[in-house]
Amino acid sequence: MSAHRTYQGQQLELFRPTGGDIAARDAQDLMSWPFFSLAKSRRVTPIDFRMGNVSIRVEATVEHGMATIWDADVLIWAASQIVEARDRGLRTSRFMSATPYEILTFVGRTDSGLNYGRLKAALDRLQSTTVVTSIRQPAERRRHRFSWIAEWKERLDAAGRPLGIELILADWFYAGVIDDALILTIDPAYFELRGGLERWLYRLVRKHGGRQTWGWSFDLEHLYLKSGSLSPLKHFAYDLRAIVRRQPLPGYRLALVTDPDRRIRLTFQPTPTDPLAAALRLSRRRAARL
């Protein structure tokens with residue numbers, strides 16, 4: 001395995017994560033805005049989002065489709081490893097290596113052949129999906145274009161068995177990760193959420209609600225726009241009501257209310273931490289690594 005890689009004239013040093021039980025961390029920009037498809041079915045229709053001075057356009061290829069919110073687990077893994085290493089005073093890089101086992105177990109999946117195939121498909125979508133955005137650009141009219149993963153490759157032994165994966169993260173993503181103000185810890189139970197909408201909703205709630213006692217709220221139509229969903233508004237509202245009935249988001253209580261202007265709003269407040277439930281989730285994650 002090469003310890004360095006030259007990419008677009010830049011010399012990158014290989015970063016090998018140390019692994020272990022570390023906190024899951026997410027990039028706030030990815031939690032706030034519509035960067036991913038929320039559907040498991042292939043999406044090629046672009047996300048074209050504008051709100052105030054924020055603009056985002058996400059484009060997919062017909063071959064692979066758009067990167068999904070499940071694919072973003074790879075980015076959560078990468079962000080978590082980079083921040084952990086940085087906090088230990090270690091040198092990091094956007095040129096990373098790992099085994100499929102390390103990535104899959106961190107995001108709560110078994111190291112099976114099926115999940116390994118899904119991981120490779122996720123890497124393909126993260127590499128082929130193109131993002132153009134104004135976020136974190138110094139000039140109002142300036143735009144940054146990138147793919148989540150600039151490139152990746154699989155390493156195999158002589159018998160064709162996987163040894164590991166090397167990847168280069170987008171500089172835009174890496175810059176956001178190493179800035180401490182742009183990272184939040186997330187509940188490991190996030191990886192147990194199965195629906196795309198509830199996963200997206202947890203990340204949005206964690207970003208905006210945080211641990212504020214009184215929580216936060218969103219107008220339903222505003223929430224719909226921020227999702228980037230292809231579903232009609234009425235279907236989105238129906239799915240949202242189902243999520244409110246089930247209350248699947250770890251650490252938060254959701255409710256739908258009608259405000260004085262007769263608009264429907266989603267409200268969310270943090271719930272008290274259950275130490276037993278947290279210990280059980282940690283035990284399950286450790287068991288997955290065995």
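The values are calculated or read from the model by the stated rules, or taken from the named source; none is laboratory data. This is a predicted model, so every value here is computed, not measured. Because the Cβ atoms are built from the backbone with ideal geometry, glycine has one as well, and the counts that use them run over all protein chains shown.
The table below gives the values:
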{"quantity": "Residues (at pLDDT below 95 and among the small types (Gly, Ala, Ser)) located in segment 42-64", "calculated": "Gly52, Ser55"}
{"quantity": "Residues of segment 219-275 satisfying the condition of being among the basic types (Lys, Arg), farther than 30 Å from Thr45 by Cβ and exposed (fewer than 13 other Cβ atoms within 10 Å of the Cβ)", "calculated": "Arg262"}
{"quantity": "Residue that is under 28 Å from Gly19 (Cα atoms) and modelled with pLDDT under 95, where the choices are Ala67, Ala85", "calculated": "Ala85"}
{"quantity": "Residue identified as within 25 Å of Tyr101 (Cα to Cα) and outside any strand (DSSP E or B) among Ala158, Ala150", "calculated": "Ala158"}
{"quantity": "Total residues in segment 45-104, condition within 19 Å of Leu119 (Cβ to Cβ) and of a type in the set (Ser, Thr, Tyr)", "calculated": "6"}
{"quantity": "Test for Trp70: is it assigned by TED's automatic domain parsing to the domain that holds Gln11, surrounded by 16 or more Cβ atoms within 10 Å (Cβ to Cβ) and under 16 Å from Gly228 (Cα atoms)", "calculated": "yes"}
{"quantity": "Selection from segment 94-130 of residues that are part of a helix (DSSP H, G or I) and of a type in the set (D, E, K, R)", "calculated": "Glu102, Arg118, Lys120, Asp124, Arg125"}
{"quantity": "Enumerated helices (runs of 4 or more DSSP H) restricted to segment 193-271, each holding at least 2 residues that are under 22 Å from Leu182 (Cα atoms)", "calculated": "196-209, 220-227"}
{"quantity": "Failed criterion for Thr105 (all others in (1) at pLDDT below 95; (2) out of contact with any helix residue (DSSP H, G or I) (no Cβ under 7 Å at 6 or more places or on another chain); (3) under 21 Å from Ile186 (Cβ atoms) hold)", "calculated": "(2)"}
{"quantity": "Pairs with Cβ under 7 Å, 6+ apart, first in segment 231-246 and touching a residue at least 40 places away in the same chain (Cβ under 8 Å), second surrounded by 12 or more Cβ atoms within 10 Å (Cβ to Cβ)", "calculated": "Asp239/Leu197; Leu240/Leu266; Ile243/Leu197; Ile243/Glu198; Ile243/Leu201; Ile243/Leu254"}
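One line per residue, one yes/no per condition, for (1) crowded, with 20+ Cβ neighbours inside 10 Å; (2) out of contact with any strand residue (DSSP E or B) (no Cβ under 7 Å at 6 or more places or on another chain); (3) without any contact (Cβ under 8 Å) to a residue 40 or more places away in the chain; (4) not assigned by TED's automatic domain parsing to the domain that holds Arg199:
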| position | (1), (2), (3), (4) |
| --- | --- |
| Leu38 | yes, yes, no, yes |
| Ile47 | yes, no, no, yes |
| Ala60 | yes, yes, no, yes |
| Ala78 | yes, no, no, yes |
| Leu104 | yes, yes, yes, yes |
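Yes/no matrix, rows are residues, columns are (1) hydrophobic (A, V, I, L, M, F, W, C); (2) farther than 17 Å from Leu75 by Cα; (3) surrounded by fewer than 19 Cβ atoms within 10 Å (Cβ to Cβ):
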residue	(1), (2), (3)
Asp124	no, no, yes
Arg136	no, yes, yes
Leu156	yes, yes, yes
Pro162	no, yes, yes
